Structure formats: structure tokens, C-alpha cells
Amino acid sequence: MKRIKLAPSILAADFARLGDQIRAVEQADYLHVDVMDGVFVPNISLGQPVLASVRQTARLPLDVHLMIIKPERYLESFAWAGADILTVHAEACEDLPAALDTVKRLGKKAGVTIKPGTPAEALEPALDLADLILVMSVEPGFGGQDLQPDALAKAEKIANLLEQRGLSAELEMDGGIYLHNVRDVLNAGVNVIVAGSAVFGQTDPAAAVADFYRAFAAKA
């Protein structure tokens, strides 16, 4: 049974108070960082210099989600900037297994993800290489969307594949997860919960983190 983990997403944080916001969620497991290039997804977020600044403040491992085209070009620079986990999109890589191998050679954990419209089968070339598989439950590039119910069935399918093959990769979900639906996500086999607005959109992010862990304990 994999331990259930929380990864607050700084995409929803107040960047004018980012250091304080990061310190408020130090009881979580990971800090989720979304990198957007304005090409693979419509929006632009942050790059290596901001990640390096976050690394100086954050005690948590940095779970970096690269929503960028041809991420192979930047794996080394994001590793040097402080990423602990580097997750690439199957749809954006020219050679997905090679990209994951590069991440591992850089001494980082390798993650792979797919958009909501991409079938689980697209992950096949990466299942044996990935340390983490991220199921996007909203269209990547925008915060505050509602969780797409189809993502739960996809997560359950992937969780079953991992179990059948005896693989230990963590299964993460990102998008529209709140306290009212987190049990459904956990029941689908997900063990890493990315929460943006549900944590940083609250008056007290630290209390929101504690509320999630209470929900995790109730599920267990």
C-alpha cells in the first residue's frame, strides 16, 4: 500500500508572498511546480530562475511538471535549478523513453504525464521507466478547473497496470481536487494529490494541508 502524499501547487499561490506561502505548507510531501511555455499550453508560468529561487526557500522536494514542447532541451537546466522530480508530457517528447532516461542520469526522479484526451495506452513505452505517473484531470495550462470524471477511470486503469506489472511508480493526479472529491481520487488508486486552489486559495494554507491529511487518514 503506497503512502498517500500531498503536493500543493504553487500555481495557485500568491506570488507576492511566495516565500511565506511555501513555508506555510511545509507539512506536505512535495511542492508542485508547473512550468508552461505558451506553446504546448496557452499560458506562460515560470522558468529556471524562479525555480532556483523557490529551491532556496522550499524544504520540500520540488515536483516539477514541464508543460513544454520538446522538454528534452531543458531537462538539465531544470535539474540544476533544483527540481527533484521532472515530469514530461508523453505528447511533447520526441523520444519519451530517452527523455526519462536522461532525467534519471541527472539523478532525479522521472515522471510522465498525459492530457485528459490522451489514452492511457500512450504511457506504455514509459511505464517501466517512470518513478511517477501523473494523470491530468483538467486541461493543462489553467488553474481552477473542475475535475473531469473520466480521469478517475483512467487513473484506475493505470493503477491496475502498475499492480499487474509489479511496478512501484507513484500515481499522481492534478486538477480540480478538493476535500469534497479527494476520496473518489484516492479510490481510483491515486496516492499523490496535487492541490492548488484547495490549499493556496484558502485563507489558511497550513490548515488546508492539515485538512487533507485528515481526509487521507480517514481513507486509510
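Per-structure values
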read-out: Scope region 5-49; condition β-branched (Val, Ile, Thr) and surrounded by fewer than 20 Cβ atoms within 10 Å (Cβ to Cβ); matching residues; value: Val39, Ile44
read-out: Failed condition for Gly107, given (1) part of a helix (DSSP H, G or I); (2) surrounded by fewer than 19 Cβ atoms within 10 Å (Cβ to Cβ); value: (1)
read-out: Residue that is modelled with the lowest pLDDT, among those in region 166-188 that are on the phi > 0 side of the Ramachandran plot and buried (at least 20 other Cβ atoms within 10 Å of the Cβ); value: Gly175
read-out: Hits in region 15-55 - residues which are part of a loop (DSSP other than H, G, I, E, B) and modelled with pLDDT of 95 or more; value: Val25, Glu26, Gln27, Ala28, Asp29, Tyr30
read-out: Sole exception among (1) modelled with pLDDT of 95 or more; (2) touching a strand residue (DSSP E or B) at 6+ places or on another chain (Cβ under 6 Å); (3) surrounded by fewer than 19 Cβ atoms within 10 Å (Cβ to Cβ) for Glu156, by number; value: (2)
read-out: Among (1) without any contact (Cβ under 8 Å) to a residue 40 or more places away in the chain; (2) in contact with a strand residue (DSSP E or B) (Cβ under 6 Å, 6 or more places away or on another chain); (3) under 20 Å from Glu156 (Cβ atoms), the one test that Thr113 misses; value: (1)
read-out: Residue check for Met1: modelled with pLDDT under 95, in contact with a Ser or Thr (Cβ under 7 Å, 6 or more places away or on another chain) and either aliphatic (A, V, I, L, M) or within 27 Å of Asp184 (Cβ to Cβ) (or both); value: no
read-out: Residue tally, condition crowded, with 20+ Cβ neighbours inside 10 Å and of a type in the set (S, T, N, Q), over region 127-153; value: 1
read-out: Among (1) farther than 14 Å from Leu167 by Cα; (2) touching a Pro at 6+ places or on another chain (Cβ under 9 Å) - the single one Gln145 does not satisfy; value: (2)
read-out: Condition broken by Ala58, with the remaining ones in (1) at pLDDT 95 or above; (2) touching an Asp or Glu at 6+ places or on another chain (Cβ under 7 Å) satisfied; value: (2)
read-out: All helices (runs of 4 or more DSSP H) inside region 127-220 with 1 or more residues being polar (S, T, N, Q); value: 150-165, 182-187, 197-200
read-out: Residue match in region 128-151 (condition: touching a strand residue (DSSP E or B) at 6+ places or on another chain (Cβ under 7 Å) and farther than 17 Å from Ala7 by Cβ); value: yes
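Conditions tested, residue by residue: (1) closer than 20 Å to Leu51 by Cα; (2) among the basic types (Lys, Arg); (3) touching a residue at least 12 places away in the same chain (Cβ under 8 Å).
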position: Met67; (1), (2), (3): yes, no, yes
position: Ile85; (1), (2), (3): yes, no, yes
position: Ala90; (1), (2), (3): no, no, yes
position: Leu96; (1), (2), (3): no, no, yes
position: Glu124; (1), (2), (3): no, no, no
position: Ala130; (1), (2), (3): no, no, yes
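The values are calculated or read from the model by the stated rules, or taken from the named source; none is laboratory data. Given the structure is predicted, the values throughout are model-derived calculations rather than measurements. All Cβ positions, glycine included, derive from the backbone under ideal geometry; neighbour counts span all protein chains shown.
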